[in-house]
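This report concerns only the one structure given below.
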Amino acid sequence: MKKQTISAFVAILCAGSIFAGCGSGDAKETTPPTTEPTVAETTVPTETTAPTTPETTVPETTVPETTESSEETQAQAPSSSGNYVDLNNMQFTINDKTYTLGKTTLQELIDDGVPFREDDLANANNNLNKNSQSQGFRIELAEYWTAQVFALNDTDGNKSAAECYINEVYLPVHQDKTQNILSFAFPLNVTMDDLKANAGEPTEVKHFDGEEGYYTDTLEYTTKSTKYYGDSGYTFEFTKDELKYVTIEYLP
């Protein structure tokens, strides 16, 4: 799954404007593109400490919005359906309470005592521009192990990050460590075969062969956003058949 960035065309129109991240002061609004932008591809960060990222403006489309294994060593959230992947109800659990992407706000997580890093919480009430995603808010899972959640302002006005709903969760997986804070409907030691057996064939599969027998496989289960350029869904990255990174992301 790919992060969304400002198009090159918007960057030209907005030359000279000042953009502020979630940790800075007020920023000038941008004018939505009138033509389809070219989206620069980004990659999911590879640091196992999950570094924070700056506020990202999400480019809108012109399409109208519609309504509509082995022994477990990591925590696993309960799932009423038993499905590892549910594109219509993307959930995660923190401290035995289940939350939903696109509905749960950052403020709800703060009120529930989610163990965020204090320096990230200091930015929770900062301004988040319209159609923008916040910086990552890190959750302490264990020593040298954090996850990140991101908030999305999908309105036409400015809001604080705390007021916005969570639209993405990113987790680097350490198979040699245990934590009982963050979990999903799938075990974190799930294999590719187990994932396919439960969720079916992925929307997209990427394979990379490196040196000395190193290889990675990325399995994506996604659906197109109707409002923005991008996908909603799940991304599982395996290194030599072992799960290393999980991202779940919702875009309306």
(1) within 27 Å of Phe238 (Cβ to Cβ); (2) in contact with an Asp or Glu (Cβ under 9 Å, 6 or more places away or on another chain); (3) not basic (Lys, Arg): which one isn't true of Leu106, the others all being true? (1)
Pick out the one residue from Tyr215, Tyr245, Tyr250 that is in contact with a His (Cβ under 9 Å, 6 or more places away or on another chain), hydroxyl-bearing (Ser, Thr, Tyr) and open to solvent by 20 Å² or more (accessible area, probe 1.4 Å). Tyr215
Six or more apart or on different chains, Cβ atoms under 7 Å: show the pairs whose first residue is in segment 167-183 and more than 17 Å from Gln91 (Cβ to Cβ) and whose second is open to solvent by 10 Å² or more (accessible area, probe 1.4 Å) and β-branched (Val, Ile, Thr). Pro172/Thr48; His174/Thr48; Gln175/Thr73; Thr178/Thr73
Looking across segment 119-160 at residues that are of a type in the set (Gly, Ala, Ser) and either part of a strand (DSSP E or B) or modelled with pLDDT under 95 (or both), the single one that is farthest from Lys244 (Cα to Cα) is Ser160
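Listed residues Thr218, Thr178; which is over 19 Å from the mean Cα position of the chain (by Cα) and hydroxyl-bearing (Ser, Thr, Tyr)?
Thr178
The values are calculated or read from the model by the stated rules, or taken from the named source; none is laboratory data. As the structure is a computational prediction, the values presented were derived from the model and not from experiment. Using ideal geometry, Cβ is built from the backbone for each residue, glycine included, and neighbour counts are taken over all protein chains shown. Remember, those area values only see protein heavy atoms, side chains included, never the ligands or the DNA or RNA. Shrake-Rupley method; radii C 1.70, N 1.55, O 1.52, S 1.80 Å.
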